[in-house]
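Here is the structure we will look at.
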Amino acid sequence: MNWLRALTATQQVGLLFVILFGALLLTTISAYFLALRERTPEKEASHQRFKRDLRAVWIGSTLFWLAWMSGAPGATLLSALCSFLALREYITLLHTRRSDHRSLLLAFFVILPLQYLIVGTRSFDLFTVFIPVYTFLALPIISALADDPHRFLERNAKIQWGLMVCVYGLSHAPALLLLDFPRYTGRGAFLLFFLVMVASCAQIAQEAASNRLRRRPVARRISRSFSLRGWSVGVAAAATVGLALFWITPFNVWQAGLIGAVAGGSGTLGGLVMQALKRDAGVQSWGNQSSITGAIGLLDRIAALCFAAPVFFHGVRWYFVLHP
C-alpha cells in the first residue's frame, strides 16, 4: 500500500488499466480453451451469452481507457456518443408521429449536445436542472406548436423520459471525472471505475441470487427474476465491493461501503424500471439486428449505470460539499 501511495496519479490510473486488461486477457484465454470442450445445447447457449457479455466488457473497458487517455473533453465526447446511440435505440421502439419530429430534432441535436457542453464547462448547478426543468418545459411547447393533440401527454412523456435516462443519467458519468476532491486531483478515473464496479457487481449478484434462491417476484408481470431477496443480495455485494475498493477513492471504509450499497441498489432498481419499459414496448431487449449504428442492446448494458450515476454523483457532491 505504501508503494501504491508513492506512485503519481497518472501511474496509479495506468496500473488500474494494466490490471483490468490483464484480467480480461486471462478470462478470454480461459474462455477460448473452455470453448474447445463438447457442450450440450443449453451450455452452448450459455457460452454464447458469456461471449457476448465478455465482448461488451472489452469494448467498455477500451472506451474507458480511451476516455482517460483523451482527458475530460474526450470522456465527455465518448459519453455523448453513447447517449446518442442509447437514445436512438429508445426512440426507435416508441410510437411517434410526424408532429413529434420537431421535438426529436430538439432532443438529439440541441438538448443532448448542450447537456454535455454544460458538463464539460463544469457548470454543475445548471447541469443539474437543465433537463429536469428547462427541457421538460420546452418540449411540450414545441410539441403543442405542431398542432397535434392526439395522445399528447403520452408522446411527450416518453420523449422526456428517454432524455432523463439516456442523456441526463448517463451524463453524470463523465461529470465524476471533474469533481474536485481535496488531495485527489487527477484520480477521477478511479471514481468512475468504482461506480461501474459496484453497479455491475450488484446487478450480477442480484440476478444470480434470484436464480438460486426461491423466487418471490415483487413485480411478476414485469420481471419474474426480480425479488427483494435478490435485490438485498445485490446491495450487499455492492457494499462489499465498495469496502474492498475504498483505497482507490477519497472515501474512508464505511463511506465507501455505504455509497457502494446506495449506488448498487439504485442501479438494480433502474434495471427493473427499464424492464417495465421493454414490456410496455413489447420487446425483449433494446436495439434490433438492423441497427445501422451497431449499438445493438446498448441501453440494456448501461441501464444500471444510467440510474446509479446521478444518485452517486449528487450523493457524493452533497455529502462532501464539493463546488465546481
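The values are calculated or read from the model by the stated rules, or taken from the named source; none is laboratory data. Remember, it's a predicted structure, so these values are computed and weren't measured experimentally. Glycine gets a Cβ as well: all are built from the backbone with ideal geometry, and neighbour counts include every protein chain shown. These accessible areas exclude ligands, DNA and RNA; they are computed on the full protein's heavy atoms, side chains included. Shrake-Rupley method; radii C 1.70, N 1.55, O 1.52, S 1.80 Å.
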Computed [θ] at 222 nm, deg cm²/dmol, the chain (DSSP H ≥ 4; -39,500 (n - 2.57); rounded to nearest 500): -23000 deg cm²/dmol
For the range 77-170: relative contact order, % (alpha-carbon pairs under 8 angstrom, 6 or more apart): 48
Solvent-accessible area per residue for the chain at a 1.4 Å probe radius, Å²? 53
Once the whole set of protein chains is in place, how much accessible area is left on Lys51, using a 1.4 Å probe, in Å² to the nearest 10? 90
GNM result for the chain, Cα springs below 10 Å: residue of Pro140, Pro174, Pro310 fluctuating most strongly: Pro140
Quick one: accessible surface of Glu154, probe radius 1.4 Å, all protein chains present, in square angstrom to the nearest 10. 70
Over the chain, relative contact order from alpha-carbon pairs under 8 Å, at least 6 apart, %: 18
If you take every residue apart from Gly271 with its C-beta less than 12 Å away from the C-beta of Gly271, what net charge results, scoring Lys and Arg +1 and Asp and Glu -1? 0
To the nearest 10 Å², what's Val110's accessible area with a 1.4 Å probe? 60
For Arg183, Arg220, the accessible-area ranking with a 1.4 Å probe, largest leading, is Arg183, Arg220
Gyration tensor (alpha-carbon) shape descriptor, the chain, a/c threshold 1.5: oblate
Could you give each residue of the range 218-229 its phi-based ³J(HN,Hα) in whole Hz, using Karplus coefficients 6.51, -1.76, 1.60 with θ = phi - 60°, and x for Gly or Pro? 8, 9, 4, 7, 9, 8, 7, 9, 9, 9, 5, 5
Which residue, chosen from Ser103, Tyr184, Leu139, occupies the Cα position most advanced towards the positive end of the dipole of the range 90-198, where the dipole is computed from +1 (Lys, Arg) and -1 (Asp, Glu) charges on Cβ about the Cα centre? Tyr184
Whole-number D in µm²/s for the range 125-281 (Stokes-Einstein; Kirkwood sum over Cα pairs; 20 °C, 1.002 mPa s): 121
Probe radius 1.4 Å, ligands and nucleic acids ignored: give me the carbon and sulfur share of the accessible area of the chain as a rounded percent. 65
Three-way shape call for the range 59-122 based on the alpha-carbon gyration tensor, with the a/c threshold at 1.5: oblate
Quick note, the range 111-178: a/c under 1.5 would make it rounded; otherwise a/b > b/c is prolate and the rest oblate (a ≥ b ≥ c, C-alpha gyration tensor); here it is prolate
